[in-house]
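Asks: I have a structure I would like to understand better, so I am pasting it below and will then ask my questions one at a time.
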Amino acid sequence: VDALEHARPVTVAVLQGGVYGGATDLGLACDFRLGAQGIDMFMPAARLGLHFYRGGLQRYVSRLGLNAAKRLFLTAERIDAAEMKAIGFLTHLVAPEELDAQAQHLCDTVAAMAPLALQGMKRHLNDIARGELDPAALQDDIVRAMRSDDLREGQAAWSEKRAPRFQGR
């Protein structure tokens, strides 16, 4: 699951039905979580006598906050889609018939972004959420993006009122 969280590409989880146990952490490792109305989730670890692993505990706290993490881990409470959205587990909550189209729209939107800036910001946002920001690495990525052909292409596209054609350079 940690490898998924640290993957270079932006990741999207499309959720239908129940999201239970380890699947909740798999979802939290993704950058975006789209859910269909009618889904639910719960974390039964304590009910089973299982102590959850470090990466999962950290993801719950960094993504959902300490209070929601305690509520879900320490009570094994089942929550519905609206509550999943309210606590930040879901980034998008849509009608079941709209799920595929919304997922495709999100993927198309992300794919249109400048790769260097996108990948760097993803990594540093996750590091900030875990309290592990490396300021030197952040500065290196800022400078790399500032010197990139992609920045010049983005500026030109903006002024010419056209979609940018990023190359990741």
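Asks: Net charge near A36, counting Lys/Arg +1 and Asp/Glu -1 over other residues with Cβ under 14 Å of its Cβ?
Replies: Here the count lands on -3.
Asks: Find which of L151, G38, T109 sits farthest along the positive direction of the dipole of the chain, computed with +1 on the beta-carbon of Lys and Arg, -1 on that of Asp and Glu, about the Cα centre.
Replies: L151
Asks: Now for a separate question. Once R0 is set to 30 Å, what does the formula 1/(1 + (r/R0)^6) return for the Cβ-Cβ distance between R144 and T91, expressed as a FRET efficiency to the nearest 0.05? Intermediate results must be reported in sequence, preceding the final value.
Replies: Values: r = 27 Å, r/R0 = 0.90.
The formula returns an efficiency of 0.65 here.
Asks: Charges only on Cβ, +1 for Lys and Arg, -1 for Asp and Glu: so what's the dipole of the chain about the Cα centre, in debye to the nearest 20?
Replies: Result for the chain is approximately 300 debye, rounded to the nearest 20.
Asks: Follow-up question, since we're still on this one. With a sphere of radius 12 Å drawn around the Cβ of F166, what net charge do the other residues whose Cβ falls strictly inside it have (Lys, Arg +1; Asp, Glu -1)?
Replies: Net charge in that neighbourhood comes out at 0.
Asks: Sticking with this structure for a sec: To test your reading of the geometry: what angle, between 0 and 90 degrees and rounded to tens, separates the Cα axis of helix 149-160 from the longest principal axis of the chain?
Replies: 80
Asks: For region 42-92, rounded, prolate or oblate, judged on the Cα gyration tensor with a ≥ b ≥ c (square roots of eigenvalues), a/c < 1.5 rounded, else prolate if a/b > b/c?
Replies: Oblate, because a/c is 1.5 or more while a/b does not exceed b/c.
Asks: Quick check on region 1-94: take the gyration tensor over C-alpha atoms, sort the square-rooted eigenvalues as a ≥ b ≥ c, and tell me if it's rounded (a/c under 1.5), prolate or oblate.
Replies: It comes out oblate by the Cα gyration axes.
Asks: Expressed as cubic angstrom per residue, what is the convex hull volume of the alpha carbon set of the chain?
Replies: Convex hull volume per residue, Cα atoms: 119 Å³.
Asks: Another question about this same structure. How much length is gained on full extension from E153 to L4, taking 0.36 nm per residue of separation minus their Cα-Cα distance?
Replies: So the chain would gain 50.7 nm between E153 and L4.
Asks: Report the charge-dipole magnitude of region 80-124 in Debye, nearest 20, computed about the Cα centre from +1 at each Lys and Arg Cβ and -1 at each Asp and Glu Cβ.
Replies: Approximately 400 debye in magnitude.
Asks: How large is ³J(HN,Hα), in whole Hz, for each residue of region 120-136 in order, when computed from phi with the Karplus curve 6.51 cos²θ - 1.76 cosθ + 1.60 and θ = phi - 60°, using x for Gly and Pro?
Replies: x, 5, 4, 4, 6, 4, 5, 4, 4, 4, 8, x, 10, 5, 9, x, 5
Asks: Would you calculate, for the chain, the mean residue ellipticity at 222 nm contributed by helices, counting each DSSP H stretch of 4 or more residues as -39,500 (n - 2.57) and dividing by all residues, to the nearest 500?
Replies: Working: 10 runs with 95 residues, N = 169.
Helix contribution divided over all residues of the chain: -16000 deg cm²/dmol.
Asks: Considering only protein heavy atoms and a 1.4 Å probe, what is the carbon-and-sulfur percentage of the accessible area of region 1-110? Could you put the intermediate results ahead of the total?
Replies: Values: 3150 of 5630 Å².
With neighbouring chains kept in place, the figure for region 1-110 is 56 percent.
Asks: Just to confirm the number: angle between the C-alpha axis of helix 99-111 and the first principal axis of the chain, 0 to 90 degrees, nearest 10?
Replies: Value to nearest ten degrees: 40.
Asks: Right, another one. Where a Cα-Cα gap under 24 Å defines reach, which lysines qualify for K85, not counting those fewer than 8 residues away within the same chain?
Replies: Output for K85: K70, K122.
Asks: Based on alpha-carbon positions alone, could you give the equivalent ellipsoid semi-axes of region 75-169 from the gyration tensor, as √(5λ), descending, whole Å?
Replies: 32, 22, 8
Asks: Calculated FRET efficiency, R169 and Y53, Cβ-Cβ r, R0 41 Å, to nearest 0.05?
Replies: Efficiency, rounded to the nearest 0.05: 0.60.
Asks: Next question. Leaving out ligands and nucleic acids, and using a 1.4 Å probe, what accessible area per residue does region 51-128 come to in Å²? Write out the running numbers ahead of the final one.
Replies: Values: 4290 Å² over 78 residues.
Ligands and nucleic acids excluded, the figure is 55 Å² per residue.
Asks: Determine the dipole magnitude for region 108-169: charges of +1 sit on the beta-carbon of Lys and Arg, -1 on that of Asp and Glu, nothing else is charged, the reference point is the Cα centre, and the result goes in debye to the nearest 20.
Replies: Dipole of region 108-169, to the nearest 20 debye: 220 debye.
Asks: Can you work out the FRET efficiency for the pair N67 and A46, with r the C-beta to C-beta distance and R0 = 25 Å, to the nearest 0.05?
Replies: 0.95
Asks: Further question on the same structure: How many nm separate the modelled label positions at Q37 and D127, each set 7 Å beyond the Cα in the direction of the Cβ?
Replies: That separation, rounded to one decimal, is 4.1 nm.
The values are calculated or read from the model by the stated rules, or taken from the named source; none is laboratory data. The model shown is predicted, which means the values in this text are computed figures rather than measured ones. Methodologically, a virtual Cβ is constructed for each residue, glycine included, from the backbone with ideal geometry; neighbour enumeration extends over all protein chains shown. With ligands, DNA and RNA removed, areas are computed over all heavy atoms of the protein, side chains included. Shrake-Rupley method; radii C 1.70, N 1.55, O 1.52, S 1.80 Å.
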